[in-house]
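Single-structure report; data block below.
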Amino acid sequence: MKNFAFILSIVLLFCPLLLSAQFQVGHVTDTFNDPNRSRNIGVEIYYPATTGGDNVAHAPGSFPVVVIGHGFGMGYDAYSNLWNVLVPKGYIVVLPKTESSVFPFPSHPNFAEDLNYMPTAMELENTDPSSTFFQHVESRYAVGGHSMGGGATFLIDPINPLITCLFGMGAADTNPSAIANCPNISLPSLLMVGGQDGVSPPAANSELMYDNLLSAEKAYVNFTGGAHCYFADVNFLCDLGDNGSFGISRTQQQDLRDEYLCPWLDHHLKDDCAALASFVDLLDNDTDAVNEHTYQIATPTFAQIPDLCQGDTAPTLPTSSIEGITGTWDLPINTSTVGVFTFVFTPDANQCATTTPMVINVNAATIPTFNITPNLCVGDTAPTLPTTSNEGVTGNWDMSINTSTAGIFTFLFTPDTNPCASTATVTVTVDPAIVPTFNIIPNLCVGDTAPTLPTTSNEGVTGNWDMAINTGTAGIFTFLFTPDTNPCASTATL
């Protein structure tokens, strides 16, 4: 157990180093043949290796591929700044060498087809046991280029279905026009330009390509003070055409390009959602470039669950958003407790979406109560039942009070729209009217002993008389009986 703990501590110590390890750069020269065009395509390929050098063994694992097309009159070797950044990060970089002459003038359609064929050629390498790339190619491809190579990238039609995304650096329009072909392109695309490009001015080239693309995800990055040729290494012919004074250096421009290109590739070729977040943040906030883009971090949305009542059957939160983003919630709904609760949805891995909260109210159950006189008498003016309870719940009664008939009556209250309020009942007793009666006292004579008037009627109604009997005077006398508290008993005379 102690040995296991020691080994685990060593693994944990070196995990960050392993995760951040970069590859050495291997290199081979090869020639691919496109049988559909009977065309040989010379290529230079740089790849992840454990030891740098020519024709060295490939690093273990499979890796996505980046195809890079060169500029007009430029060779593949003008882009060492690119392969020396991308290969250590785990990319195979393929550079076709065709159409590199100045005279005769290069064929843009042929170069576009050469770029388009590269994924097919690398798929064949992946299945060839004699190839350096046998079982080392992941079928994820980005195709792009600089200047003419950038324009040729957006001239490809139809696009090889193996290609995942396209990019251009100072892309120049082609013959036929890449700008005119861009409405046929819907792949994710990144166009980067130098703001002071003197060879392919952005407003007449890359900017028009960007505008014409039908891609749902596309970005246009204009590096302030940047040049056309600074995307490449020093190249006499290119630098001659781009002669001028620029606001940033070649190294600065290449560093800025890599800040955009690397997370963009990581997102599209490695499904790295953190890279997408970094890329979008850079697009939105970078002060070294003027950007346009349609990229965004997806936000899952859900149909709002309405307020619930304490004790309700708790609904299940959906595990897929309206947009089809799947994930999990931090906890289930529980209606046993009243309150306002926030539930957080976390998307599953590699969906590049943000977490999303949903706030749900669990309200207390309400039983409506009313202040209603429980006892009435036949013939009383019938009171109106209130349509608002003591708790503020509005609703309606199934019937109104009627005092024309004696009896015990139950009335049902139904709330209007309050989902947490229950129905309620009240009971009202309508008592019959009572006229108190008494046994008749016979005639008396003056001087007789005066009898006491009874304080309880024959019906059991108690009360008081307005005066007592007095036999000191002859006459006919009326005595008034007033009931004590019985609301349905009337006064009586004797």
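The values are calculated or read from the model by the stated rules, or taken from the named source; none is laboratory data. Please read these numbers as outputs of a predicted model, since none were measured by experiment. Neighbour counts run over all protein chains shown; Cβ positions are idealised from the backbone, glycine included.
So here's what we get for this one:
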quantity	calculated
Pick from the range 316-325, criterion surrounded by fewer than 16 Cβ atoms within 10 Å (Cβ to Cβ) and among the polar types (S, T, N, Q), ranking: nearest to Cys352 (Cα to Cα)	Ser320
Residues within the range 333-363 that are part of a loop (DSSP other than H, G, I, E, B) and touching a strand residue (DSSP E or B) at 6+ places or on another chain (Cβ under 9 Å), tallied	11
Filter result (β-branched (Val, Ile, Thr), loosely packed, with under 13 Cβ neighbours inside 10 Å and in contact (Cβ under 8 Å) with a residue 40 or more places away in the chain) within the range 359-386	Ile367, Thr373
Residues of the range 21-79 that turn out to be loosely packed, with under 14 Cβ neighbours inside 10 Å and either within 40 Å of the chain's Cα centre (by Cα) or among the hydroxyl-bearing types (Ser, Thr, Tyr) (or both), as a count	9
Selection from the range 185-198 of residues that are surrounded by fewer than 24 Cβ atoms within 10 Å (Cβ to Cβ), at pLDDT 95 or above and more than 12 Å from Met209 (Cβ to Cβ)	Ser186, Leu187, Pro188, Gly195, Gln196
Some residue of the range 296-304 being over 12 Å from Met192 (Cβ atoms), in contact (Cβ under 8 Å) with a residue 12 or more places away in the chain, in a helix (DSSP H, G or I) and among the β-branched types (Val, Ile, Thr)	no
Filtered residues of the range 300-311 (kept if buried (at least 16 other Cβ atoms within 10 Å of the Cβ) and either more than 23 Å from Thr355 (Cβ to Cβ) or aliphatic (A, V, I, L, M) (or both))	Ile305, Leu308, Cys309
Residues (outside any loop (DSSP other than H, G, I, E, B), over 22 Å from Val280 (Cα atoms) and free of Cβ contacts under 8 Å to residues at least 60 places away in the same chain) located in the range 230-262	Tyr230, Phe236, Asp239, Leu240, Gly241, Arg250, Thr251
From the options Ser107, Ser131, Ser139, residue that is within 27 Å of Ala227 (Cα to Cα) and either of a type in the set (Val, Ile, Thr) or modelled with pLDDT of 95 or more (or both)	Ser107
First in the range 101-112 and under 16 Å from Arg37 (Cβ atoms), second anywhere and acidic (Asp, Glu) and buried (at least 18 other Cβ atoms within 10 Å of the Cβ), Cβ under 8 Å, 6 or more apart	Pro106/Glu99; Ser107/Glu99; His108/Glu99; Asn110/Glu99; Phe111/Glu99
Selection count where residues are surrounded by fewer than 20 Cβ atoms within 10 Å (Cβ to Cβ) and over 33 Å from the mean Cα position of the chain (by Cα), scope the range 150-180	6
Members of the range 91-122 found to be surrounded by fewer than 17 Cβ atoms within 10 Å (Cβ to Cβ) and either in contact with a Pro (Cβ under 9 Å, 6 or more places away or on another chain) or of a type in the set (Asp, Glu) (or both), listed by number	Pro109
Residues of the range 127-138 classified as part of a loop (DSSP other than H, G, I, E, B), under 37 Å from the mean Cα position of the chain (by Cα) and hydrophobic (A, V, I, L, M, F, W, C), total	0
Any hit, the range 72-80, residues being of a type outside the set (D, E, K, R), farther than 26 Å from Phe103 by Cβ and free of Cβ contacts under 8 Å to residues at least 60 places away in the same chain	no
Residue within the range 126-143 that is of a type outside the set (D, E, K, R) and in contact with a Lys or Arg (Cβ under 6 Å, 6 or more places away or on another chain) present	no
Qualifying position, being crowded, with 17+ Cβ neighbours inside 10 Å, at negative phi and part of a helix (DSSP H, G or I), among Tyr220, Tyr210, Tyr141	Tyr210
Any pair with Cβ under 7 angstrom, 6 or more apart, that starts in the range 454-473 at a residue that is under 17 Å from Pro487 (Cα atoms) and ends at one that is among the charged types (D, E, K, R)	Thr462/Asp484; Gly463/Asp484
Any chance Phe411 is touching a strand residue (DSSP E or B) at 6+ places or on another chain (Cβ under 8 Å), under 28 Å from Ile367 (Cβ atoms) and among the hydrophobic types (A, V, I, L, M, F, W, C)	yes
Among (1) in contact with a Ser or Thr (Cβ under 6 Å, 6 or more places away or on another chain); (2) of a type in the set (A, V, I, L, M, F, W, C); (3) touching a residue at least 60 places away in the same chain (Cβ under 8 Å), the one test that Ile408 misses	(3)
First in the range 475-488 and over 28 Å from Val378 (Cα atoms), second anywhere and of a type outside the set (A, V, I, L, M, F, W, C) and surrounded by 15 or more Cβ atoms within 10 Å (Cβ to Cβ), Cβ under 9 Å, 6 or more apart	none
Count of residues meeting criterion [part of a helix (DSSP H, G or I) and surrounded by fewer than 17 Cβ atoms within 10 Å (Cβ to Cβ)] in the range 271-295	5
Flag if Ala152 is in contact (Cβ under 8 Å) with a residue 40 or more places away in the chain, over 16 Å from Trp264 (Cα atoms), in a helix (DSSP H, G or I) and not acidic (Asp, Glu)	yes
